[in-house]
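Written below as structure tokens is the structure these notes are about.
The values are calculated or read from the model by the stated rules, or taken from the named source; none is laboratory data. All values derive from a computational prediction rather than experimental measurement. Note: ideal-geometry Cβ built from the backbone for every residue, glycine included; neighbour counts use all protein chains shown. Just the protein is used for accessible areas: all its heavy atoms, side chains included, with ligands, DNA and RNA removed. Shrake-Rupley method; radii C 1.70, N 1.55, O 1.52, S 1.80 Å.
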Amino acid sequence: MSAEPLEIHLEEQDLGRSLREDVRAGLTATPKWLPPKWFYDARGSALFEEITRLPEYYPTRAERAVLAAHADDIAELTGAKTLIELGSGSSEKTRLLLDAFTRHGDLGTFVPLDVSVSALRQSTEQIAAAYPGLRVRGIVGDFTRHLDRLPTGGRRLVLFLGGTIGNLLPAERAEFLTAMRAALECGDWLLIGTDLVKDPSVIVPAYDDAAGVTAEFNRNVLRVINRELGADFDPAAFRHVAVWDPEHEWIEMRLRAEHPARVHVLDLEVGFAAGEELRTEVSAKFRPEGIARELAAAGFVRQEFWTDPDGLFGVSLARAD
């Protein structure tokens, strides 16, 4: 069975408008910032895939270990008929769950949601070929804006993996989880992956690897802005920085200007002082009790919480109450 035609709620012009709005807001703010979603053009996505294989980058391996150990539990506990994945990318880890549902349940539909048309088209065709009895229905959309477009009916399980929720600031997380709950019916399920608080000596190298792959990934946001908006950033003039914030229990990725610079983008001339930093990502780390509180505040009841054997990464299974 081939994948169904993509359902598109996000056009190229929407992405362009969103990029312009983010760049204008972030580069005129004090301190300056850009959202991490603009890392992920084709080059950025390839660099991130490379990051997930680096020895320092534990989250992908740790989450995979949790899913490998508990996929059958998840299939049996939820009995889901529809599996929805937010920010699906290649859906590689999701195959562990699809295999488990194939063994234990009667899953009928897989619905990956992602902003990239090309990545989604490729992954849906691959999943449809690998699971011929499964209906595969890709949705091109933004998980912060299009939760109301998710398919209804049947018992649903929504996957939000990779620790991506940590890229949202606390108020944004609360807004997202509340919108997620509003999109679900009582008895539907949410499976969410969260990186856990641990010694910064483990966390920081995951965002500042010895090979410099993360540095290239970080600077890629400047290349995206140059290409899409005709800006004149010199990516080589910005140094990658990863900083642990113990108060907020998150890591920040920043780009630090090596010398004074003036950048032209849109109708702006943006000045950078030597040593000035541009924040490109926040990645929050969580404590188990904190995750449960945030889920409960949005109307979910956490039923299970699993970690990998080293306790690096947590996966919560919660039911819409």
Notebook entry, point to check: Which whole number of Å³ per residue matches the convex hull of the alpha-carbon atoms in the chain?
Noted result: 125
Next item on the list: Distance between Cα centroids, region 157-215 to region 15-54: provide it in whole Å.
Entry: 17
Notebook entry, point to check: Hey, what does the equivalent ellipsoid look like for region 178-225, semi-axes from the Cα gyration tensor as sqrt of 5 times each eigenvalue, largest first, whole Å?
Noted result: 34, 19, 7
Item checked: Whole-percent carbon and sulfur share, accessible surface of region 188-321, 1.4 Å -> 48
Check: Once you charge only the Cβ atoms, +1 for Lys and Arg and -1 for Asp and Glu, what is the size of the charge dipole of region 82-166 about its Cα centre, to the nearest 20 debye?
Finding: 160
Check: With every protein chain left in place, what is the accessible area per residue of region 1-115 in square angstrom, probe 1.4 Å?
Finding: 46
Check: Along each of its three principal axes, how wide is the spread of alpha-carbon positions in region 1-142, in whole angstrom units, largest first?
Finding: 53, 37, 25
Checklist line | Residue with peak Gaussian network fluctuation, the chain [Cα springs, cutoff 10 Å], from Asp199, Asp72, Asp245 | finding: Asp199
Next item on the list: Grab the beta carbon distance between Val243 and Glu12, set R0 = 30 Å, and tell me the FRET efficiency rounded to 0.05.
Entry: 0.30
Margin query: Of all beta bridges DSSP finds with both residues in the chain, what is the antiparallel percent, to the nearest 5?
Written below: 60
Notebook entry, point to check: Counting Lys and Arg as +1 and Asp and Glu as -1, each charge on the Cβ, what is the dipole of the chain about the Cα centre in debye, to the nearest 20?
Noted result: 340
Item checked: region 39-125 - percent of accessible surface contributed by carbon and sulfur, probe 1.4 Å -> 53
Item checked: FRET E, pair Val202, Asp267, Förster distance 51 Å, beta-carbon r, rounded to 0.05 -> 0.70
Next item on the list: Work out from phi, with θ = phi - 60° and the Karplus expression 6.51 cos²θ - 1.76 cosθ + 1.60, the ³J(HN,Hα) of each residue of region 165-173, listed in order in whole Hz, and give x for Gly and Pro.
Entry: 4, x, 7, 8, 5, x, 5, 5, 4
Item checked: Compactness index (Cα Rg / 2.2 N^0.38 Å), region 144-183 -> 1.23
Item checked: Translational diffusion coefficient (Stokes-Einstein; Kirkwood radius from C-alpha pairs) of region 80-187 at 20 °C, 1.002 mPa s, in µm²/s -> 150
Check: All other residues with a Cβ under 13 Å from the Cβ of Val66 taken together, and with Lys, Arg as +1 and Asp, Glu as -1, what is their net charge?
Finding: -4
Notebook entry, point to check: In whole Hz, what ³J(HN,Hα) sequence does region 93-101 give by Karplus (6.51, -1.76, 1.60; θ = phi - 60°), x for Gly and Pro?
Noted result: 5, 5, 4, 4, 6, 4, 4, 5, 5
Check: Out of every Cα pair in region 185-321, what percent are spaced more than 22 Å from each other?
Finding: 53
Item checked: Relative contact order, percent, the chain [alpha-carbon distance under 8 Å, six or more residues apart] -> 22
